[in-house]
1. Could you tell me which of the residues Leu359, Leu346, Leu386 is in a helix (DSSP H, G or I), more than 17 Å from the chain's Cα centre (by Cα) and surrounded by 14 or more Cβ atoms within 10 Å (Cβ to Cβ)?
2. Here is a check on your reading of the model: is Arg378 over 13 Å from Leu274 (Cβ atoms), surrounded by fewer than 17 Cβ atoms within 10 Å (Cβ to Cβ) and either in contact with a helix residue (DSSP H, G or I) (Cβ under 8 Å, 6 or more places away or on another chain) or modelled with pLDDT of 95 or more (or both)?
3. Are any residues in segment 365-382 in contact (Cβ under 8 Å) with a residue 40 or more places away in the chain and among the hydroxyl-bearing types (Ser, Thr, Tyr), and if so, which ones?
4. Could you list, in sequence order, all residues of segment 391-417 that are exposed (fewer than 14 other Cβ atoms within 10 Å of the Cβ) and either touching a His at 6+ places or on another chain (Cβ under 6 Å) or not in a helix (DSSP H, G or I) (or both)?
5. Of the residues Leu274, Leu320, Leu269, Leu294, which single one is outside any helix (DSSP H, G or I), in the same structural domain as Val144 (by TED's automatic domain parsing) and aliphatic (A, V, I, L, M)?
6. For residues that are in contact with a Pro (Cβ under 9 Å, 6 or more places away or on another chain) and outside any loop (DSSP other than H, G, I, E, B), scanning just segment 187-200, find the one that is surrounded by the most Cβ atoms within 10 Å (Cβ to Cβ).
Amino acid sequence: MTYRPLDETTVVDYIAGRPALVGIFSDLSRLSIREVGDGNLNLVFIVENAANPNESVVVKQALPFLRVAGDSWPLTRERMRYEIRALLKHNELAPGLVPAVYDYDEEMSLVVMEHLKHHEIMRRSLVARQRFPRFVDHITTFLVNSLFFTSDFYLTGPEKKLLAAQFVNEQLRKLQEDFVYTNPYKMSPENRWNPLVDDAVQAVRRDAPLKMAIAEMKQAYMTHAEALIHADLHTGSIMLNAEDTRVIDPEFAFFGPIAYDVGAVLQNLILNYLSHYAHTPDPVERAEYQAYLLEMVRDIWIEFARKFDAVWAANNRGELVPQSYWAFPGGDEAFVEYRSRTIRRLLRETAGHGGVKFLRRVMGIVSVWDFTSIQDLRARAVAERLAIRIGRRWVMERNSVNSIDDLIGIVQEETADVSINEP
């Protein structure tokens with residue numbers, strides 16, 4: 001089938017022509033269609049049987065341009081091929097933590113998935129101060145399973161190289177290289193920032209030590225092909241409720257640095273923490289929820305490190321450091337120490353990548369709804385200045401980080417004397 005963008009009037013006919021989907025709906029004549037895509041890259045339709053709302057799917061289709069910029073910023077539709085492959089791999093490695101795939105059509109750059117109708121986008125739920133008791137366990141399981149089992153710690157050399165060849169994803173990698181690690185820190189026409197933090201933005205752009213450090217993190221992003229990473233794992237790419245968590249939208253997936261995904265999760269939680277200086281005016285309520293978010297950050301890293309180490313110890317079948325490598329007196333202890341050093345390295349790289357992502361959300365092409373939903377620019381500037389200071393320190397101090405409490409300590413130090421009346 002020749003590619004054409006679907007719309008609310010053509011989705012039903014498309015579904016009717018797909019054998020894998022006909023059995024999902026008992027009555028195709030009663031289908032209702034809503035286009036709900038609010039991201040930067042794709043069309044997203046919810047298709048539901050009006051007579052039986054339990055019969056529903058999500059149809060996601062790639063557009064041939066960057067939606068946030070319009071057709072002046074063309075993209076190939078190949079990215080949907082990578083998203084489909086990532087969804088299938090994640091369903092294999094972390095079943096129940098990603099949406100099920102019902103059908104896909106590479107010619108149409110389209111995937112049909114489970115409709116997570118009882119889930120909410122995490123970002124908005126956090127702004128509303130909701131709590132998710134199972135999230136730490138769920139997200140750390142997803143991170144460990146998706147990252148460890150696609151890395152050299154588990155795969156043989158040929159296995160990993162063959163898998164990595166399926167995830168080149170050159171265009172979206174180029175977007176991240178530009179929009180996360182380069183363009184926000186120089187004059188570039190797509191950049192947007194709050195004019196009330198212009199002095200802080202310009203200070204970043206002429207901060208030579210910081211820019212050298214950002215360049216180092218960009219080099220790591222471009223060259224450390226450690227594992228299949230989601231590469232866009234912010235709280236807008238997570239849907240959840242009190243009992244269930246699903247990671248969505250892996251269109252940026254490629255073989256990159258393990259710490260990038262971990263840093264994205266932790267940094268987004270801190271951005272939400274900062275947003276509550278505007279979203280939650282009551283100081284007691286705000287302090288309680290911010291404490292909850294910091295504890296979540298701590299727990300995620302501790303659980304990730306614990307699970308990663310345990311899975312590695314039990315599944316050391318890769319060729320990086322095979323079991324036979326440690327077959328000498330004291331080898332078991334050396335393997336324990338090697339794993340510990342590796343996890344400490346991942347924490348430091350988490351600080352570096354996470355720190356860069358703080359900065360890009362304040363002065364690049366795309367901010368986060370946690371901040372953009374703050375209508376008062378003065379109140380928004382409070383959170384943004386904090387994000388810049390914290391991000392800079394995470395990047396610059398990353399090599400001295402030895403525990404997650406070092407990163408949390410930076411957040412606490414920078415927010416110790418916040419005045420919500422000053423930008």
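1. Result: Leu386 is the single residue among Leu359, Leu346, Leu386 that is in a helix (DSSP H, G or I), more than 17 Å from the chain's Cα centre (by Cα) and surrounded by 14 or more Cβ atoms within 10 Å (Cβ to Cβ).
2. So Arg378 passes the test.
3. Within segment 365-382, the subset in contact (Cβ under 8 Å) with a residue 40 or more places away in the chain is 365-371, 373-374, 376-382.
Within segment 365-382, Ser367, Ser373 meet the criteria.
4. Passing the criteria: Asn402, Ala416, Asp417.
5. Working: Leu274 fails: outside any helix (DSSP H, G or I); Leu269 fails: outside any helix (DSSP H, G or I); Leu294 fails: outside any helix (DSSP H, G or I).
Sole residue among the options that is outside any helix (DSSP H, G or I), in the same structural domain as Val144 (by TED's automatic domain parsing) and aliphatic (A, V, I, L, M): Leu320.
6. Going through segment 187-200, the residues in contact with a Pro (Cβ under 9 Å, 6 or more places away or on another chain) turn out to be 191, 193-194, 196-197.
Restricting the remaining residues to those that are outside any loop (DSSP other than H, G, I, E, B) gives 196-197.
Numbers: Leu196: 16, Val197: 23.
Ranking the qualifying residues of segment 187-200, first place goes to Val197.
Yes/no matrix, rows are residues, columns are (1) within 13 Å of the chain's Cα centre (by Cα); (2) surrounded by 17 or more Cβ atoms within 10 Å (Cβ to Cβ); (3) of a type in the set (Lys, Arg):
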position	(1), (2), (3)
Ala208	no, no, no
Thr223	no, no, no
Asp244	no, no, no
Ala287	no, no, no
Met296	no, yes, no
Ala310	no, no, no
Arg317	no, no, yes
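Results for (1) part of a strand (DSSP E or B); (2) crowded, with 18+ Cβ neighbours inside 10 Å; (3) of a type in the set (S, T, N, Q), shown as yes or no for each residue.
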| residue | (1), (2), (3) |
| --- | --- |
| Gln61 | yes, yes, yes |
| Leu88 | no, no, no |
| Pro99 | no, yes, no |
| Glu107 | no, no, no |
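The values are calculated or read from the model by the stated rules, or taken from the named source; none is laboratory data. Model, not experiment: these values are computed from the prediction. Methodologically, a virtual Cβ is constructed for each residue, glycine included, from the backbone with ideal geometry; neighbour enumeration extends over all protein chains shown.
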